[in-house]
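Notes to accompany the following structure.
The values are calculated or read from the model by the stated rules, or taken from the named source; none is laboratory data. None of the values given here were measured: they were computed from a predicted structure. For neighbour counting, all protein chains shown are included, and Cβ atoms are generated from backbone atoms with ideal geometry for every residue, glycine included. Accessible surface is based on the protein model in full, side chains and every heavy atom, while ligands, DNA and RNA are left aside. Shrake-Rupley method; radii C 1.70, N 1.55, O 1.52, S 1.80 Å.
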Amino acid sequence: MLLALAAALFVVDGHADTPEFLLDLGTDLTQAGEQMVDLPKARKGGLGGEFFSIWVDPDVYGAHPARRALDLVDAVRMQVERHPRELSLATTAREVEAARKSRKLAVLMGLEGGHALEGDLRMLRTFHRLGVRYMTLTWSNTNELGDSSGDPDKPGVKHHGGLSALGREAVQEMNRLGMLVDVSHVADKTFFDALQTTRAPVIASHSGCRALTNHPRNMTDEMLRAVAKNGGVVMVNFFSAFVDEEFRKALDPLRPALEKAEAEVNERYKGDPAARTRAWSEAERRITSHIPRPKFASLIDHIEHVARVAGVDHAGLGSDFDGIFSLPEGIDSAADLPKIAAALRSRGFSRADVGKIFSGNVLRVMRAAEKVAAQARQGAVRPG
């Protein structure tokens, strides 16, 4: 049954941190490897398009995050150049569909965290020219664009009280460019400010539901309904701490140990990204290995909650593959995506509903953002 489902599926996933593997470890995206997303796993699981995350660790590359971001973009684009028969760079919904017809993996990119702009909107335009098609306004750190959900009480952090003036300019410029505004990670006030500012539908590229798992990274039902009213899509994160309340509670006391280990790894392997990536992964596993993985149903609960509260037209998948150290039982990589389809079908979702959740909704949002940008261009060239 799962093989038949995989053959019929077409998934566009909202978020994977695989580029660090490509850049730091020299991974080949077309070969089966240790990462959660590669071409063999994608084909087995029906993954047809992936938004690869351009994420810069501010604790490591805080001085010049734009340089690291450009290196990650280059690593992704080089994969496409090396493997034109298997991979296709996609910057529009139409290009994603073209990749599907050609039986290629559509390679998309999203910039995770506005800190990579270094406070300069010219960098936003540069990333757009290079193929980046969404930007998460903040990562876990507050930046020049707005407040994050990740550091509300962190000493020394200057907060804006939501989206900053520069953040509003950034959202408006993203609308003009046809770049999706991503509201994952942001503080609640930043979220509502962004929705008030944007003229195009937004995405939450990798978030969960706070009603089910009380984590500040997750979205309240009010936020889910606001995204629906905006016409956007909430793409559910697979991380155990975001989809299971018991896992979250067990993990919270370990955060000081994780933060200490991360600082030690960063210091010890300064200048050696490959060693740092491996050492940090080992430290995460060592510190958290005693916490049981959540049941598979916990992930399905979140997808169903988004679909019931916001509507099935506003639900999607944003796995966070290759950026998380724990997933629910039964989900280990992109190869396991058909299990989600089977579970949703067993809960009464139609084949058409599953198609919307797996790719239809995010492609609709991409088209809507492209339309807003096209209208902006037409207005710009109209004679006065």
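Explain nothing, just the number: relative contact order of the chain, from Cα pairs under 8 Å at least 6 residues apart, as a whole percent.
20
If you stretched the chain out fully between Arg94 and Met78, how much longer would it get, using 0.36 nm times the residue separation minus the C-alpha to C-alpha distance?
That pair, Arg94 and Met78, stretches by 3.6 nm at full extension.
Computed FRET efficiency, Cβ-Cβ of Val157 and Ala257, R0 30 Å: what is it to the nearest 0.05?
Efficiency, from the Cβ-Cβ distance: 0.85.
Given the pairs Lys104/Lys339; Lys41/Lys295; Lys249/Lys270; Lys295/Lys339, which span a C-alpha to C-alpha distance of over 24 angstrom in this model?
Among Lys104/Lys339; Lys41/Lys295; Lys249/Lys270; Lys295/Lys339, the Cα-Cα distance tops 24 Å for Lys249/Lys270.
For an R0 of 25 angstrom, estimate the FRET efficiency from the Cβ-Cβ distance between Phe325 and Arg268 and round to the nearest 0.05.
0.85
What lysines does Lys229 reach when the alpha-carbon gap must be under 29 Å and sequence neighbours fewer than 8 apart in one chain are set aside?
Reachable lysines: Lys189, Lys356, Lys371.
Stretched out fully, how many nm does the piece from Ala376 to Gln172 gain, at 0.36 nm a residue minus the Cα gap?
72.4 nm
Post the alpha-carbon centroid distance, the stretch 68-88 to the stretch 232-273, in whole angstrom.
27
Grab the beta carbon distance between Asp28 and His290, set R0 = 41 Å, and tell me the FRET efficiency rounded to 0.05.
It comes out at approximately 0.75.
Taking only C-alpha pairs under 8 Å that are 6+ residues apart, what is the relative contact order of the stretch 170-304 in percent?
Relative CO of the stretch 170-304 lands at 20 percent.
Order Tyr269, Tyr134, most accessible first, counting only protein heavy atoms with a 1.4 angstrom probe.
Putting Tyr269, Tyr134 in descending order of accessible area: Tyr269, Tyr134.
Under a point spin-label approximation (7 Å from Cα along Cα-to-Cβ), what is the Ala63-Arg345 distance to one decimal in nm?
5.5
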